[in-house]
Amino acid sequence: MIWTISYYSESIQKEILALPAGFLASYLRYSDRMEVYGPDLGMPHTRAMREGLFELRIKAAEGILRVFYCTIVGRKIVMLHQFIKKTDKTPSRELNIARRRMKEVKDAHTQRT
């Protein structure tokens, strides 16, 4: 069961790869697991955010990172948005960005099929 990870845009991929070392190491470890086991690694690593949106939950010495993603047909995981969490509650601004991007990705995929 092989899954493929892609990115909403090249800039999202660059943002993620430019993260501090602790975040990047955890991201790479979990994304490798997602490619093998699928998008749902379970809590505390991943969590469903409703309507097809998920978050990858990373804690490191640098703080707390969240990476929002969705899945599309064909065993594809699309990383949509990342941010460093500074409050207990996920800011609605960050969720709105991820939801808008998820809609764009899913609409584009539907138009191709």
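Amide H to amide H distances under 5 Å link Thr46 with Leu41, Arg57, where only residues 5 or more positions off or on other chains count and H is placed in the peptide plane.
Pick out which of Thr87, Thr71, Thr46 has the largest mean-square fluctuation in a Gaussian network model of the chain, springs linking Cα atoms closer than 10 Å. With Cα springs under 10 Å in the chain, the top fluctuation among Thr87, Thr71, Thr46 is at Thr87.
Give, as a single signed number, the net charge of other residues whose beta carbon lies under 10 Å from the beta carbon of Thr71, with Lys and Arg counted +1 and Asp and Glu -1.
+2
Note on the chain: helix-only mean residue ellipticity at 222 nm, from DSSP H runs of 4+ residues weighted -39500 (n - 2.57) and normalised by residue number, equals -13500 deg cm²/dmol.
Surface composition of the chain: carbon plus sulfur atoms contribute 54% of the solvent-accessible area (1.4 Å probe, protein chains only, all chains present). The string of couplings for region 27-43 from the Karplus curve (6.51, -1.76, 1.60, θ = phi - 60°) is 4, 5, 4, 6, 5, 4, 5, 5, 5, 8, 9, x, x, 9, 8, x, 5 Hz, one whole number per residue in order, with x for Gly and Pro. Close amide H pairs (under 5 Å, H built 1.01 Å from N) link Ala60 with Leu65, residues at least 5 positions away or on another chain. Here's the picture: charge each Lys and Arg Cβ at +1 and each Asp and Glu Cβ at -1 in the chain, and of Gly38, Ala61, Leu95 the one pushed furthest to the positive end of that dipole is Leu95.
Near the amide H of Ile5, within less than 5 Å, lie the amide hydrogens of Ile77, all on another chain or at least 5 residues away, with H placed in the peptide plane.
The residues of region 11-96 expose, per residue, 55 Å² of accessible area to a 1.4 Å probe. For region 101-112, 3J(HN,Hα) computed residue by residue from phi via the Karplus equation (6.51, -1.76, 1.60; θ = phi - 60°) reads 5, 4, 4, 4, 5, 5, 5, 5, 5, 5, 5, 6 Hz, glycine and proline entered as x. Backbone phi angles across region 44-53, fed through the Karplus curve with coefficients 6.51, -1.76 and 1.60 (θ = phi - 60°), yield HN-Hα couplings of x, 7, 9, 8, 6, 10, 5, 6, x, 9 Hz in residue order; Gly and Pro are listed as x. Put the Cα centre of region 54-113 next to the Cα centre of region 22-49 and the gap is 12 Å. Computed over the alpha-carbon atoms, the chain gives an Rg to Rh ratio of 0.94, Rh here being the Kirkwood radius from the mean inverse distance.
The values are calculated or read from the model by the stated rules, or taken from the named source; none is laboratory data. No experiment lies behind these values; they were computed from the predicted model shown. No Cβ is skipped: glycine too gets one built from the backbone with ideal geometry, and neighbour counts run over all protein chains shown. Just the protein is used for accessible areas: all its heavy atoms, side chains included, with ligands, DNA and RNA removed. Shrake-Rupley method; radii C 1.70, N 1.55, O 1.52, S 1.80 Å.
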